[in-house]
Amino acid sequence: MEEEAEKEKMVKVYIMGREFEVPATLNIVKAFEYAGYRFVRGIGCRGGYCGACATVYRFKDDYRLNFALACQKAVENNMYLTILPFMPAEKAIYDLNNLKPRGSVLLELYPEIARCVACNTCTKACPQELEVMDYVQAAIRGDIEEVSNLSFDCIQCGLCAMRCPAEIVPYNVGQLARRLYGKYIAPQAMHTHKRVEEIHACVFDEELDNYSLLAKEDVEKLKKIYVEREIKVG
Amino acid sequence: MERGYPEYMLESIEFVKKTRERRLKEIPELMTLEEREEILRQYHPDYKEDGKRIVKVGANAGEFMPHEVADLIEAYPLIEPEQIDLSTIDYDSDILIIGAGGAGLTAALWAVSSGADINRILMVTKLRMGDSNSKMSQGGIQAADCEDDNPTLHYLDVLGGGHFTNDPDLVKWLVREAPMIIKWHEELGIMYDKDEEGCMFVAPGGGTCRKRMHSCKDYTGMEIVRVLMDEALNLDIPTLEFTSAVELLMDDAGKVAGAVLWDMEKEDYFIVRAKATLMATGGFGRLHVQEFATTNHYGATADGLVMANRVGARIIDMDSVQYHPTGSSYPEQIVGLLCTEKLRGRGAQPVNKYGEEFVYPLEPRDVESAAFIRECAKGNGLVTPTGMPGVWLDTPLIDILHGEGTIEKEFSAMFLKYARFDIDMTKDPIFVYPTLHFQNGGIVINKRTGVVGVEGLFASGETTGGVHGKNRLMGNSILDYCVYGRRMGIYATEYVKNATVGKLSLDHVTKYVDLLEEAGIPKERKAPILLPEYRGERTISHALPLLG
Amino acid sequence: MKIPYFPGCSLKTIGEGFEKSAIASAAVLDIELNELPRWVCCGTVSSLTTDDLMHHLAPVRNLIRVQDLEETQLVTLCSVCYSTLKRSNTLVKNDPEKLKTMNQFMYRESDYQCNVKVLHFLELLREIGFDKIKEKIKKPLRGLTLSPYYGCLLVRPKEFGIDDPETPTILQALTKALGADVIDNPYQLKCCGSYHTVDKPNLVADLGYKILTYARNSGADALVLSCPLCAFNLDNRQREIKRQYPDFVEIPILYFTQLMALAFDLDEERLGFDIHYVDPVPLLKEKQLLIDSLPLIKEK
Ligand SMILES: Cc1cc2nc3c(=O)[nH]c(=O)nc-3n(C[C@H](O)[C@H](O)[C@H](O)COP(=O)(O)OP(=O)(O)OC[C@H]3O[C@@H](n4cnc5c(N)ncnc54)[C@H](O)[C@@H]3O)c2cc1C
Ligand code: SF4
Ligand code: SF4
């Protein structure tokens, strides 16, 4: 009975100004759909990974602006909702192979980061709860590793860029820093390089071909090899 | 933090807590091959007789498929061939790539580095570039690049996981090229988890005999795809977003020769003529087979299967569907979303409402899912306030085993996902149930990604079949789109050097319609469906196209 | 003595030698310069809005972080950072209304109570006393003739300067205490061109030519200063100066902290000479201040 009651619970929301009643168990995306909207834009993975549904909302009688991924935010009573389908942004064009992992690269390709006034508005907007201002600041001082770590969870939703009074696009700066870090600063996986060499030298081909043949002609034998293979995952 | 569970679920959590200590030592045994077969037969949704039917038309006529897929194969085209003006070519290209997820982007990059003319490539995609299943993958990518591992062991695991139904040759190239992919990714600047010496952090996965899963925290797919996108943007590869392919074009010689595209926003069509057409449209989670919730992105509607089937491509293994054992089942707002297998790889255990373990945590996915379904059928699961069944996944074990902070560091995406709903997965277990995850089967291709029996058409990624057989192991499908996406880029570039295109035609569609009519298929059924329909019933039943 | 220290962006990029030598020489004087665990740019950016409070957010945010550490002092090395932080600090101290607005804007941070004092490292040294510094000297800088250079922000505007705005003496006093000779340079207060280095390198070269040529002609071996931006303009821009004035002769630029480190005989790697444009090493070897110098990697 209690479960029944929970199921019925409805909340009042305002979708682009129009009032709707929707079940309290929905997220913002599903609330739009329940109300009869069909998305083409402003939606992507529906799982919190692509940033396409990043949105803003307010509560009735509250001056504060809130930020969320529409697919990850439960509807609440008296929410003012909208869709933000697109945010224009400049991205620097570069060939990573021709860049040096020097701190100054970030400022050279994105000189506008020097305009950051440290107002922290970007951080307040981030639905991933990242310290956006801190990574922009780290970018100004050329600390590529710090930018990479602080920005790693960025889903490039664009909310920070939309709010920045200095017109900075933090997520593009983070992207560049992470690629520089991954390519030039992080230690290389030498065991991978070694394995690639072995593969080029055809070290495993005979056995692989043998298995392929068994798979086609004597599956039972291959099954036996499979079952008897040593399992070392501890 | 508040505890975001209702009272009766919190009571069950108390049982889970009580048994935790004991379960640290006692882990259930792996099933034998026979036991696996038995549980699959009894509980796996694939084995449900009334879940599928024999399709009547197309290259796969006479074969079993889930109703949801059969409904797409036995469906009329969205466009009527006579409406379409083929005399004006809007885009004349060498290579048309349909879909900008992992497979599409990888193919585009490798086409460019293999010498394709960038300006004669066209990539089209339904949503934005990169919005795809590929962006969502969490756990990782398999590659046998560690000392105690090698590609032959990887080979055995892939085949064993697929119950020996895979295409043995496709698997060979998959495992053989895996380490090269990791190396390529490193060169692109992808930040894999490594130690100070550069040694990759590897985790085990269901059905693997070695730790082989490479990850980028639990944002593996996002990290890979955003780098591929950045590279595609740097190279300025011509791309059309919010544009769906709705039908393939053929020429008078019977080769695939481009596609009819539909602008999702302006709602008009255009014609692309292409020497090679590359299908990278991904999977079918949004078909909600047997009404399961899904982990997949909004555009995962099997369009590629439909279009390819109409030009005569065969599809295989569609009778097997991958349900991921651990989809979120509570709270309602995130039902169906994935809880990565790596959680179990790092020690989280499935337990029932009494806090009892009931299955080895890392069986192959189909077996693990069947065990969850069995447990709930036995009445040992719980039901959420919105009616979703499920069992517990005891995540706090991870921090107990590997130290406090491990979850927040390695699973920051997952942690945030639950924290948004006041659930602290480092303290309380999470509530899970199998969710529709992956399209095991698909279009039949050869090792050069050519679609078998159809000239001018290539395919790779989740839309294809054979690589994984009837069951895919975790981490092998990122690998799949990398290895075969790359091959697709390379071999399509090679192909277009000497390829020509004749007069464009949609006759194959007309013929297909004739077959449908003969088979008595109801006219309202149309495909591809492009986007799932989630609007309220009232809106759907009262919708009128008054503006035309 | 432990004291919170604010490096600023330039020190992390173009002023590496300044920071390293400062930390090392401070240690000799029993001062531990503790870099703030989290800090943002001091705030020296062009105005973005007509609301000039926006301008002061960054410096005040840094001061709040000092306050959150339960500290009451903040030391800087860079003259620009010093001036910016100090100016904002004074502004909010004198204008409670503005302070209130800013505190409200930063609603996630704790309110700023105005009890942090901003210091330049030179001020700290003066407090300790140059005699005390003398005691620690192992290798007096004998035979080295220097031209002190203040630029603008260290001493102006008057309310925020660390010394007399017309005739400052602090650098002279320190340099002499370290055993070097000084010359008078009438251009010691002339602007280095500051951020015009980005858009008007020619203008910066003109200014640099005057300052440096005077020093050279008066017999100075090098210029000593306290600001990474001045250093960049007067050192790196010598390339442009040479292009514009063929008669120009290069002259090394040194931070006062590098001189301290030399006099205290600290490791060469604390000096950071490898990123200087005009290499000071030959000069210092000639004066026998650097003896068994390691091979230095030069990157121009
Ligand atoms: C939540 C989740 C987690 C996963 N985790 C893992 C993991 O840890 N390891 C692993 O190996 N695999 C994982 N997978 C599986 C793996 O991510 C996918 O199988 C793989 O990314 C598929 O790549 P793809 O390029 O073939 O398809 P997608 O990445 O889905 O790309 C298909 C693209 O085609 C577009 N498209 C579709 N139809 C059309 C049309 N008609 N016209 C134009 N464009 C169209 C789509 O919009 C999309 O952009 C996961 C999947 C999901 C959903
Ligand atoms: S950093 Fe910016 S783009 Fe990235 S997730 Fe946060 S708000 Fe979105
Ligand atoms: S919003 Fe812009 S100016 Fe403000 S802190 Fe963030 S990046 Fe800096």
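The values are calculated or read from the model by the stated rules, or taken from the named source; none is laboratory data. The structure presented is a predicted model; accordingly, all values stated were derived computationally and were not measured. Cβ coordinates were reconstructed from backbone atoms using ideal geometry, including for glycine residues, and neighbour counts include every protein chain displayed. Just the protein is used for accessible areas: all its heavy atoms, side chains included, with ligands, DNA and RNA removed. Shrake-Rupley method; radii C 1.70, N 1.55, O 1.52, S 1.80 Å.
Scanning region C:100-141 for residues that are open to solvent by less than 30 Å² (accessible area, probe 1.4 Å) and free of Cβ contacts under 8 Å to residues at least 24 places away in the same chain yields C:ASN103, C:GLY129. Set side by side, the residues B:THR493, B:THR510 differ, and just one is of a type in the set (Ser, Thr, Tyr) and more than 21 Å from B:LEU86 (Cβ to Cβ), which is B:THR493. Looking at region B:389-397, is at least one residue away from chain A (no Cβ under 14 Å), under 21 Å from B:PHE358 (Cα atoms) and open to solvent by 10 Å² or more (accessible area, probe 1.4 Å)? Scanning region B:389-397, I find no residue that is away from chain A (no Cβ under 14 Å), under 21 Å from B:PHE358 (Cα atoms) and open to solvent by 10 Å² or more (accessible area, probe 1.4 Å), so the answer is no. Of all residues in region B:436-495, those satisfying the criterion of being of a type in the set (Ser, Thr, Tyr), more than 10 Å from ligand 1 (Cβ to nearest atom) and open to solvent by less than 10 Å² (accessible area, probe 1.4 Å) are B:THR449, B:THR493.
Scanning region C:58-93 for residues that are of a type in the set (Val, Ile, Thr) and outside any helix (DSSP H, G or I) returns C:THR72, C:VAL75, C:THR76. A:GLY103 satisfies every condition listed in (1) open to solvent by less than 10 Å² (accessible area, probe 1.4 Å); (2) away from ligand 1 (no atom under 16 Å from the Cβ) except (1).
Looking across region A:157-216, the residues that are among the hydrophobic types (A, V, I, L, M, F, W, C), open to solvent by less than 20 Å² (accessible area, probe 1.4 Å) and away from chain B (no Cβ under 11 Å) come down to A:LEU159, A:CYS160, A:ALA161, A:ALA166, A:ILE168, A:VAL169, A:VAL173. Here A:GLY51 clears all of (1) within 13 Å of ligand 2 (Cβ to nearest atom); (2) among the small types (Gly, Ala, Ser); (3) open to solvent by 10 Å² or more (accessible area, probe 1.4 Å) except the condition numbered (3). For region A:131-156, give me each residue that is open to solvent by 10 Å² or more (accessible area, probe 1.4 Å), out of contact with any Pro (no Cβ under 9 Å at 6 or more places or on another chain) and within 14 Å of ligand 3 (Cβ to nearest atom). Within region A:131-156, A:GLU131, A:ASP134, A:ILE140, A:LEU150 meet the criteria.
Checked against (1) touching a Leu at 6+ places or on another chain (Cβ under 8 Å); (2) assigned to a helix (DSSP H, G or I), B:ALA413 meets all criteria but (1). Of the residues contained in region B:113-120, none is found to be within 6 Å of ligand 1 (Cβ to nearest atom) and not in a helix (DSSP H, G or I). Out of B:ALA499, B:ALA527, one residue alone is in the same structural domain as B:LEU174 (by TED's automatic domain parsing) and touching an Asp or Glu at 6+ places or on another chain (Cβ under 9 Å). It is B:ALA499.
The helices (runs of 4 or more DSSP H) found wholly in region B:1-81 and carrying at least 2 residues that are without any contact (Cβ under 8 Å) to a residue 24 or more places away in the chain, at negative phi and within 14 Å of another protein chain (Cβ to nearest Cβ) occupy B:7-25, B:33-43.
Return yes or no: is B:THR106 more than 12 Å from chain A (Cβ to nearest Cβ), of a type in the set (Ser, Thr, Tyr) and either surrounded by fewer than 21 Cβ atoms within 10 Å (Cβ to Cβ) or part of a loop (DSSP other than H, G, I, E, B) (or both)? Taking the combined requirement at face value, the residue does not satisfy it. Scanning region C:193-219 for residues being of a type in the set (Ser, Thr, Tyr) and within 24 Å of C:VAL182 (Cα to Cα) gives a total of 4. Only residues that are of a type in the set (A, V, I, L, M, F, W, C) and surrounded by fewer than 24 Cβ atoms within 10 Å (Cβ to Cβ) were counted in region B:148-158, giving 2.
Residues checked against (1) at negative phi; (2) in contact with a helix residue (DSSP H, G or I) (Cβ under 9 Å, 6 or more places away or on another chain); (3) more than 7 Å from ligand 2 (Cβ to nearest atom):
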residue: A:ASP143; (1), (2), (3): yes, yes, yes
residue: A:GLU167; (1), (2), (3): no, yes, yes
residue: A:PRO170; (1), (2), (3): yes, yes, no
residue: A:ARG178; (1), (2), (3): yes, yes, yes
